[in-house]
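See below for the structure under consideration.
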Amino acid sequence: MKEKKGFFKYFSIEPLLDSLTAYLDAKVKLMKLELKEELSEIIIRITYIFILFVLAQMIVLFASLTLAAYINTRLDSRTLGFAIVGLIYASIFLILILLQKNIKLKSWLSNAISKILNTE
């Protein structure tokens, strides 16, 4: 190894490099932990929304079947209630298709989704 001369023989850069390397390693580990934490929060939110969506679908399904059966008994028919409920859903679908380009509806949905996802 080369011997340092003059003023620099009392100072070594190696401890500084070791400290810098240790700091960078710790910073990288911290960033990885923060990323894992954020990813796990996102996965939990998506799972929660998915479960709520499935439950809402089940509620709508059974409510629709109940409504169709009720209409069938009132109209003394076996199929007319199901047709009426189907027409109700078809009309809701067509209204949503026609309102698809409505800016207010899009902004309202965007705000609702961002509120759900950003619950911080």
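List the number of the failed condition for I71; all other conditions in (1) in a helix (DSSP H, G or I); (2) at pLDDT below 90 hold.
I71 satisfies all of (1) in a helix (DSSP H, G or I); (2) at pLDDT below 90 except (2).
Which of (1) part of a helix (DSSP H, G or I); (2) modelled with pLDDT under 95 does R78 not meet, given it meets every other one?
(1)
Taking the stated definitions as given, is K27 without any contact (Cβ under 8 Å) to a residue 60 or more places away in the chain, loosely packed, with under 10 Cβ neighbours inside 10 Å and of a type in the set (D, E, K, R)?
No: the conditions fail for K27.
The values are calculated or read from the model by the stated rules, or taken from the named source; none is laboratory data. Predicted model only: the values in this text are computed from it and were never measured. All Cβ positions, even for glycine, are placed from backbone atoms using ideal geometry, and neighbour counts span all protein chains on display.
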